[in-house]
Amino acid sequence: MKKYIFTSSEKEAVKAAVRELETQSCGEIVPFFARSSDDYEEVGWQLSALCGLTGLVITAFLAFTWNLPGLEVIEICVILIGFMTLGYLLPVVFPIIKRILTSKERMQEAVDQAAREAFLLEKVYATQEQVGILIYVSRLEHLVVVLGDEGINQKVNPEDWNQVISLVVQGLQKKKIGEGLVNGIEHCKKLLLDHGFVRKDTDHNELSDELRIKS
């Protein structure tokens with residue numbers, strides 16, 4: 001899976017969308033992009049075991065059919081270690097394998113946990129009126145989580161964020177993540193204004209407008 005690099009124009013577009021939301025509403029929004037929410041190390045070990053077993057079967061078959069010269073135990077061990085190492089490294093070189101071999105439940109759990117950690121790390125909970133929103137995007141898993149603080153959750157139902165999630169996921173799928181984030185932020189603005197979260201003269205910018213990117 002090719003590493004996604006945000007262009008300067010994409011970063012500026014996201015930042016401008018955040019500013020526009022905060023100019024019209026009292027909400028504070030934090031867009032957060034992660035390339036992956038977990039290393040899914042178990043996939044590497046599973047493939048390592050599978051490749052090791054495959055190597056053992058192949059070696060035994062070739063030996064049985066006399067297509068392989070007599071090997072010492074140490075040589076067989078080296079061959080098996082080579083197969084196992086290959087299996088472990090495959091998902092490191094090709095991360096998409098992790099998504100293919102990991103259950104949806106496992107990925108959703110990892111993304112939910114990482115989103116909660118980002119909510120705390122970025123202090124989305126710390127706005128004066130508890131009107132912070134986190135849009136957490138995890139590219140490997142193609143999953144998005146939207147978390148609102150207590151002040152917003154009193155009026156906006158969790159189900160109301162589904163359209164925001166859908167818009168951002170569409171950007172993920174089209175490899176236009178910046179565009180997806182902008183569309184999601186604009187829909188957040190609509191939700192906030194529809195639920196009465198209008199900006200007041202006493203409001204001020206409490207959280208950075210920048211796109212957060214976690215490698």
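The values are calculated or read from the model by the stated rules, or taken from the named source; none is laboratory data. Here the structure is a predicted model, which is why all the values come from computation and not from measurement. Using ideal geometry, Cβ is built from the backbone for each residue, glycine included, and neighbour counts are taken over all protein chains shown. Just the protein is used for accessible areas: all its heavy atoms, side chains included, with ligands, DNA and RNA removed. Shrake-Rupley method; radii C 1.70, N 1.55, O 1.52, S 1.80 Å.
Figures for the structure shown
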read-out	value
Surface accessible to a 1.4 Å probe, TYR4 within the full protein complex, Å²	30
For peptides 165-176, 142-153, 28-39, sequence by mean Cβ density within 10 Å, most packed first	28-39, 142-153, 165-176
Distance histogram for the chain (every C-alpha pair counted, 10 angstrom bins, percent rounded to whole numbers)	8, 29, 25, 14, 10, 8, 5, 2, 0
Spin-label pair VAL57/THR23, simplified geometry with 7 Å Cα→Cβ offset, distance in nm	6.2
The chain, accessible area per residue, ligands and nucleic acids excluded (1.4 Å, Å²)	56
Inter-probe distance in nm under a simple model that places probes 7 Å from Cα toward Cβ, at GLU210 and GLN46	3.7
Förster radius 30 Å - calculated FRET efficiency between VAL92 and ALA126 (Cβ-Cβ, nearest 0.05)	0.25
Rounded to the nearest 10 Å², the accessible area of LEU89 at probe 1.4 Å	80
LYS2-LYS175 pseudo-label distance in nm [points 7 Å out on the Cα-to-Cβ vector]	0.4
Residues with amide H under 5 Å from that of SER25, placed H, sequence gap 5 or more	ARG199
Neighbour net charge for GLN173 - beta-carbon separation under 15 angstrom, K R +1, D E -1	+4
Cα-based reach from LYS104 at 24 Å (exclusive), listing lysines while leaving out same-chain residues under 8 positions away	LYS2, LYS3, LYS174, LYS175, LYS176, LYS214
